[in-house]
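So the structure is just underneath, and the comments pick up after that.
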Amino acid sequence: MKIIQLVGSRTWGGGERYVLDLSHTLTARGHQVSIFTRGPEAIDNRFSGMPLRHLAFGGPLDLASPIKLGLYLKKQKENVVLHAHNFKTAAVAAKARRIARLDRSRCRIVVTRHLARQGHTSLRWKRLYSSIDHLIFVSEFARQTFLKTDPPIERCKIHVVHNSIIVSVSSTAAIRKQNNAVSLLFIGRISPEKGIDTLIKALALIDSPNIKLRIAGTGPSRYTGELKQLACSLNVDSRIEWAGHIDNVFPEINNTDIGIAPSRAPEAFGLTLLEFMSQGIPVIAADNGAQPEIITTGKNGLLIPPDDENALASAITGLAGNPGLRADLGKAGTETFNSRFAYNHFMTHILDIYGTYPQN
């Protein structure tokens, strides 16, 4: 099978990691994979060693991208799956298929929707939706959010395939702490919607110098500076370490006690939760978005209201003081990951969708 991944973003994030892991796994299983990007180094460097081409993905007035992709499609001898990861690249795929004069039996368009947003309803969007063969949502929450406006798309095209991650633990994983400190870890983009300010305020409510926070991620320098000023004003700056970007997060995770995911914006999924759960680390997460599809509070993690530093501080204090509960939640989290979210489950669903021909 020939799969063409269309990546229209300019920066690296969870959606781009989704494409990278999927592409490597497909290649390892004997499928032919090509990647089309806009050309930013932050994206292209990650796909080093894979067949890589560039398109502008410039929007409705960009005629060159669909023509270039259409000419590429004409050269393909076997059936092709065009896998787009937003609607802009899906529109390019639809135009390219028409230019190449390929019918749906030869070229299928699959779209993964990585965001939780309401669907559009105009005639232009109806035409785009009609050209899509399969639309994948990464959570039931994302699917329901999209359908709130009753967008004009056939429901039989819609699938929910929960995200997954490929777990890679370093053979030299970090050594666990040898003192009484309890370490908290946030991993992700440093931006207002992630709720890091709420986490800093929660830390200030915890009167224990042994509970420390490590923040792994990057973001705009101005906002990062504001967070550091907040920590200083609350006298917790000495208990926070700013680790910056970390390529392999698993050794970092294996050297922490509690994972924290306090996002104030509803999450379409939340890959960070799986990273912690796969390693047996209990996680405290906001209960907005798709998080309740992953975590059952008190069973395999803890859910708290977003933007509530008091609830977050209480959850942290309770887990920090109860090593037995941390172990139980961590073990249950790993069992949940293995039984419901392991990568082989994800791949089975994706390949089923790739191989399903639309009914004309």
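The values are calculated or read from the model by the stated rules, or taken from the named source; none is laboratory data. Only a predicted model underlies this, so the values are computations on that prediction, with no experimental measurement involved. Cβ sites come from the backbone with ideal geometry, for glycine too, and all protein chains shown count toward neighbours. Quick note on the areas: whole protein, heavy atoms, side chains included, nothing else; ligands and nucleic acids left out. Shrake-Rupley method; radii C 1.70, N 1.55, O 1.52, S 1.80 Å.
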Quick check: with the 1.4 Å probe, what order do LYS95, LYS331, LYS77, LYS157 take by accessible area, largest first?
LYS77, LYS331, LYS95, LYS157
With every protein chain in place, the accessible area of PHE87 for a 1.4 Å probe, in Å² rounded to the nearest 10, comes to 20 Å²
Which shape class, rounded, prolate or oblate, goes with region 170-300 when its Cα gyration tensor gives a ≥ b ≥ c as root eigenvalues, a/c under 1.5 marks rounded, and past that a/b bigger than b/c marks prolate?
rounded
At 0.36 nm per residue, minus the direct Cα-Cα distance, what do ASN344 and ARG117 gain on full extension? Give it in nm, one decimal, please.
79.0 nm
Between LEU71 and LEU205, what is 0.36 nm times their sequence separation minus the Cα-Cα distance? Round to one decimal in nm.
42.2 nm
When the solvent-accessible surface of protein heavy atoms is calculated with a 1.4 angstrom probe, in what order do TRP12, TRP125 fall, highest first?
TRP12, TRP125
Approximate spin-label separation GLU154-LEU61, in nm, with each point projected 7 Å along Cα-to-Cβ
3.5 nm
Under a plain spin-label model, where a point goes 7 Å from the Cα along Cα-to-Cβ, how far apart in nm are TYR223 and ASN180?
3.8 nm
Across ALA313, ALA243, ALA142, the residue with the highest GNM fluctuation in the chain (Cα network, 10 Å cutoff) is ALA243
Put +1 on the Cβ of every Lys and Arg and -1 on every Asp and Glu Cβ in the chain; which of LEU20, GLN279, GLY188 then has its Cα farthest towards the positive end of the dipole?
LEU20
Accessible area per residue in Å² at 1.4 Å probe, computed on region 233-356
39 Å²
Roll a 1.4 angstrom probe over the protein heavy atoms and tell me the percent of accessible area of the chain that is carbon or sulfur.
51 percent
Relative to the present Cα-Cα distance, how much length would full extension add between GLU335 and ALA243 at 0.36 nm per residue of separation?
30.2 nm
Taking the Cβ of GLY324 as the center, what net charge do the other residues with Cβ under 14 Å away carry, scoring Lys and Arg +1 and Asp and Glu -1?
0
Of CYS107, CYS156, which has the most accessible area and how do the rest follow, probe 1.4 Å?
CYS156, CYS107
Whichever aspartates and glutamates have a C-alpha closer than 19 Å to that of LYS201, once near sequence neighbours (fewer than 8 apart) are set aside:
GLU193, GLU226, ASP237, GLU241, ASP287, ASP307, ASP308, GLU309
